Structures are given as C-alpha cells and as structure tokens.
Amino acid sequence: MVGAVLALVGGAALYARAEIFDADAFAGHAAQTLEEDEVREALAEPIVDQAIDSGPGELINAEPLLLSVVEGALESKQAEALVRRGARKVHKAIFDKEGEQIALTLGNADVVVTEAVESVSPEIAKQLPRDLGDRLLTITESDLALTGARVSEDVRILGLVLPLLALISLVGSVALGPDRRAALLLVSASLAV
C-alpha cells in the first residue's frame, strides 16, 4: 500500500519535473496556447490597448482593425518565437527564485504587430508606437503564488526519489512477503487503482 502511494505521488512529481519544471517544455506548452482563439484574443487586447494609449488619438478609430490584425499576427511563427522566449523568462523568474513579482515582456512584439498592420493599412502602421513589447505585463505579485511555484526544487528531487522508493517498496513487499503470489496480486491491484 505504501509503495502504491509512493508510486502515485512520485509519478505526479516526475510528470511535473518533465513538463512544468523543464524550461523548454514549459515554453513549448505556452507557445501551443497560441493555437486557441481565446488566448490570442486575450493577448491581442492588451497589445492593442497599449498601442492606442501610447499612440495618437486617431488609433481608437482603428481598434477593431487592430484587434483583428494582431490576433492574426499571433498565429505567426514570429509570435510563437516571441512567446517561447517570454515563457522562458517567466519560467526563470518563477523557478530560479528571482525577484518578487513575475512579469512578462514580449520584446519585438512591435515588429510583428507593425508588419501585420502594415500589410492591411500602412497609414495606421505608421502611427503605432515602436515599444509595444517592451512594457511589462505583470503576471503575479502574490506571495502565495510565488511561494507555491518556488517549491519546484523540492518537487524536482521528489520526482526522482519517490519513484525509486516506490519501486523498492513494491519489490520488497513481494520479495519479503510470506505468500509471494498474494503479495504480487496485492501490488498489482494497488497499482491498477
């Protein structure tokens, strides 16, 4: 029974180690989210708001066009590369215990957005500010969230140790049990559940 619990917890920790605490996997998952319409909409709105706030007042009239073009631009390989780079920065901030807040910048976002808008309306593209991606998007300043994210070092270690302890415990219970057949059946059933 202890071995099955160790296997369950160790499996979860091993998964987290491979998929969450690995910077490249984390960045890859973040970039994959650009395939979702809701994500592109959520990213496009603050970019367009920032462009309108920083640019000339006439940009407010182009908001629907800007939203549409920016959402389309977020489907590009350039945008995917920006998100990957930004996600790696966020990952480093979270898991390398840097800073008191987690923030994201999408450097060079202005290039992607300007090129996309330029293909539709060169006049509007000329009015866009050139520092769209340089502004910080604060993801969290919550101590609880930061503390929770920073237990990663413990989880990384547990992801290696617990599966080994589970294996030792399960093999030991079969090897040392008075009835090996019953012990093997119990181990199999506990792992299946």
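The values are calculated or read from the model by the stated rules, or taken from the named source; none is laboratory data. Remember, it's a predicted structure, so these values are computed and weren't measured experimentally. Counting neighbours? That spans all protein chains shown, and the Cβs are built from the backbone with ideal geometry, glycine included. Heads up: the accessible areas ignore ligands, DNA and RNA and are worked out on the full protein's heavy atoms, side chains in. Shrake-Rupley method; radii C 1.70, N 1.55, O 1.52, S 1.80 Å.
Summary of values
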quantity	calculated
One residue from 99, 133 being small (Gly, Ala, Ser), at pLDDT below 80 and surrounded by 13 or more Cβ atoms within 10 Å (Cβ to Cβ)	133
Condition broken by residue 19, with the remaining ones in (1) touching a His at 6+ places or on another chain (Cβ under 9 Å); (2) more than 30 Å from residue 189 (Cα to Cα) satisfied	(2)
Cβ pairs under 7 Å, 6+ apart, first in region 153-164 and more than 15 Å from residue 15 (Cβ to Cβ), second of a type in the set (A, V, I, L, M, F, W, C)	none
Those residues of region 54-70 which are at pLDDT 85 or above and open to solvent by 70 Å² or more (accessible area, probe 1.4 Å), in sequence order	60, 61, 64, 68
Set 31, 73, 7: member being in contact (Cβ under 8 Å) with a residue 60 or more places away in the chain and open to solvent by less than 40 Å² (accessible area, probe 1.4 Å)	7
Residue list for region 105-130, restricted to those being at pLDDT 60 or above and assigned to a loop (DSSP other than H, G, I, E, B)	121, 128, 129, 130
Unmet requirement for residue 178, which otherwise passes all of (1) free of Cβ contacts under 8 Å to residues at least 12 places away in the same chain; (2) open to solvent by less than 90 Å² (accessible area, probe 1.4 Å)	(2)
Filter result (modelled with pLDDT of 85 or more and among the aromatic types (Phe, Trp, Tyr)) within region 1-44	15, 26
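Yes or no, residue by residue, for (1) at pLDDT below 85; (2) closer than 27 Å to residue 17 by Cα; (3) part of a loop (DSSP other than H, G, I, E, B):
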| residue | (1), (2), (3) |
| --- | --- |
| 156 | yes, yes, no |
| 159 | yes, yes, no |
| 165 | no, yes, no |
| 169 | no, yes, no |
| 173 | no, no, no |
| 182 | no, no, no |
| 189 | yes, yes, no |
